[in-house]
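Engineer: Shown below is the structure under consideration.
The values are calculated or read from the model by the stated rules, or taken from the named source; none is laboratory data. Fair warning: this is a prediction, and the values are worked out from it, not measured in the lab. In this analysis, Cβ positions are derived from the backbone assuming ideal geometry, glycine residues included, and neighbour counts consider all displayed protein chains.
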Amino acid sequence: MSVTSEDVHNIRFPLAPFGTRGYNEVQVDDFLDRVAATLDGEDDITAAEVHQVTFALAPLGKRAGYDQASVDAFLRTVEATLAARARTVAPAGPYIAPALEHSHARRPLWRRVRR
């Protein structure tokens with residue numbers, strides 16, 4: 001499925017389930033504005049940038065933020081669309097986003113520190 005800039009502008013993500021923290025809404029919306037501009041030819045985000053983007057979690061104590069699974073699923077579709085647009089040679093099969101387990105949340109500090 002290919003994503004258009006209209007799809008990006010019209011997407012509405014559900015809020016994170018009760019008891020969980022979702023992605024920061026402002027950061028996600030700002031990034032999606034850049035994605036829509038890229039699809040309109042006004043910016044230059046690549047599929048690799050979509051794959052590597054991270055968002056902060058909503059503040060503690062608030063049931064706010066976008067549902068992480070919904071945002072991740074949509075970004076995988078965006079990533080596939082941008083990768084297909086960047087290819088000049090006909091692909092052998094459908095594009096599958098690398099690392100299906102990836103999440104766009106920042107890793108906890110204790111996981112980032114290498115020993």
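Engineer: So in segment 12-27, with the set limited to residues that are among the hydrophobic types (A, V, I, L, M, F, W, C) and buried (at least 16 other Cβ atoms within 10 Å of the Cβ), which one is modelled with the lowest pLDDT?
Structural biologist: Restricting to residues being among the hydrophobic types (A, V, I, L, M, F, W, C) and buried (at least 16 other Cβ atoms within 10 Å of the Cβ), the top hit is A16.
Engineer: Might you let me know whether segment 50-68 holds any residue that is in a helix (DSSP H, G or I), at pLDDT 90 or above, among the hydrophobic types (A, V, I, L, M, F, W, C) and exposed (fewer than 14 other Cβ atoms within 10 Å of the Cβ)?
Structural biologist: Scanning segment 50-68, I find no residue that is in a helix (DSSP H, G or I), at pLDDT 90 or above, among the hydrophobic types (A, V, I, L, M, F, W, C) and exposed (fewer than 14 other Cβ atoms within 10 Å of the Cβ), so the answer is no.
Engineer: Still on this structure: Select, from T46, T81, the only residue that is surrounded by 12 or more Cβ atoms within 10 Å (Cβ to Cβ), in contact with a Leu (Cβ under 7 Å, 6 or more places away or on another chain) and either closer than 25 Å to M1 by Cα or modelled with pLDDT of 85 or more (or both).
Structural biologist: The conditions single out T46.
Engineer: Here's something else I'd like to know. Which residue, of D72, D30, is of a type in the set (D, E) and surrounded by 17 or more Cβ atoms within 10 Å (Cβ to Cβ)? Step through it out loud before you land on a result.
Structural biologist: Values: D30 fails: surrounded by 17 or more Cβ atoms within 10 Å (Cβ to Cβ).
Answer to the check: D72.
Engineer: Condition check: of a type outside the set (V, I, T), over 15 Å from I11 (Cβ atoms), modelled with pLDDT under 90 and over 14 Å from the mean Cα position of the chain (by Cα). Does A97 satisfy that?
Structural biologist: The answer is no for A97.
Engineer: From the list D72, D44, D29, which one is outside any helix (DSSP H, G or I) and of a type in the set (D, E, K, R)?
Structural biologist: After ruling out the rest, the residue left standing is D44.
Engineer: Take the residues in segment 1-49 that are of a type in the set (V, I, T) and free of Cβ contacts under 8 Å to residues at least 60 places away in the same chain; name whichever of them is farthest from R76 (Cα to Cα).
Structural biologist: From segment 1-49, those of a type in the set (V, I, T) are 3-4, 8, 11, 20, 26, 28, 35, 38, 45-46; that's our starting set.
Filter once more, keeping what is free of Cβ contacts under 8 Å to residues at least 60 places away in the same chain: 4, 20, 26, 28, 35, 38, 45-46.
Values: T4: 14, T20: 22, V26: 19, V28: 14, V35: 13, T38: 16, I45: 14, T46: 12 Å.
Here the residue is T20.
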